[in-house]
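Structure first, then comments.
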């Protein structure tokens, strides 16, 4: 899935090139390139599909030149993850029949891809040998209020692949609740990665999102016909905009989770850049032409101009050709509000 706008990464992430198409780590590859590279040992490129906004089709082709062009699924309008995944499942079913389907966001960082693939193999076994929805849960390293959580049954772990039965999906907690989740050992971070048979996810959609499912069936029936584009545009735009978590996962009865630790980060804000990259001796994470004097623990991203910082601590500084962001780390989650203000005053050239 590669259709997000990445507004918390403004001013680098813009509507023309959102964060999944940016290089935000020590690697010289973009987020989407890293996502594809880490699964290629398991899945050949011809069996990988990218669901994205139609405005990003050329970016996908440019950054993933070996991907077959017909494997780029261009959503005509943003409708959250459930319609995106449902459409992808219809495409999979038409091409492969009842196939195993792996759903990954394109903007996650995984520091230990070999461990990631090992967990995926187990998850694929779980999905193949059951009629359940399967997800990956990240073993929490600290109490965190930025993630949804999965409560799982520690006593039920005899499913294929070593999976555990899910008890509940819970929303992002406050800090005291997050501390309690960590202490009891029954909760995992919700990674947003899913594995299932196409028949299973479409069965769940038919029951839990019947209006969307009917529209998806009409899209599937039009595939390969002269009216395919028009029907996709019309039916997709009529779907209820809803996440896969809220629409399906939280309501499903047969859900398994595999606890995992493979250096995962959902790269939700500029603070992730600090976690993903190597800091210098002063604790600064720097990209670009930067002169630092008595400055510590700053995240700095430059482009053409030199950036000089003197006596600064715990700041995010991002410089582009037409915008400069200076933000305290504590306020990183509020960067999206800048985008909202720019949109409200019609400064579209900066979005």
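The values are calculated or read from the model by the stated rules, or taken from the named source; none is laboratory data. Predicted model, so just to flag it, every value in this text is computed and none were measured. With ideal geometry, Cβ positions are generated from the backbone for all residues, glycine too; neighbour counts draw on all protein chains shown.
Worth pointing out:
- Filter pass, residue 253 being at pLDDT below 95 and in the same structural domain as residue 138 (by TED's automatic domain parsing): yes
- For the stretch 116-132, the condition of being in the same structural domain as residue 19 (by TED's automatic domain parsing), modelled with pLDDT under 95 and within 21 Å of the chain's Cα centre (by Cα) holds for none of the residues.
Rundown of residues vs (1) touching a helix residue (DSSP H, G or I) at 6+ places or on another chain (Cβ under 8 Å); (2) buried (at least 17 other Cβ atoms within 10 Å of the Cβ), yes/no style:
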| residue | (1), (2) |
| --- | --- |
| 262 | yes, yes |
| 287 | no, yes |
| 294 | no, no |
| 300 | no, yes |
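- Which listed residue is within 24 Å of the chain's Cα centre (by Cα) and within 18 Å of residue 351 (Cα to Cα), from 334, 319: 334
- Leading residue by the ranking (surrounded by the fewest Cβ atoms within 10 Å (Cβ to Cβ)) among those in the stretch 90-99 that are touching a helix residue (DSSP H, G or I) at 6+ places or on another chain (Cβ under 6 Å) and under 19 Å from residue 42 (Cα atoms): 98
- Of all residues in the stretch 201-231 being under 24 Å from the mean Cα position of the chain (by Cα) and surrounded by fewer than 21 Cβ atoms within 10 Å (Cβ to Cβ), the one that is nearest to residue 168 (Cα to Cα): 208
- Within the stretch 21-44, considering residues that are crowded, with 20+ Cβ neighbours inside 10 Å and under 20 Å from residue 299 (Cα atoms), the one modelled with the lowest pLDDT: 25
- Looking only at residues in the stretch 314-330 that are in contact with a helix residue (DSSP H, G or I) (Cβ under 9 Å, 6 or more places away or on another chain) and part of a strand (DSSP E or B), the one that is surrounded by the most Cβ atoms within 10 Å (Cβ to Cβ) is 318.
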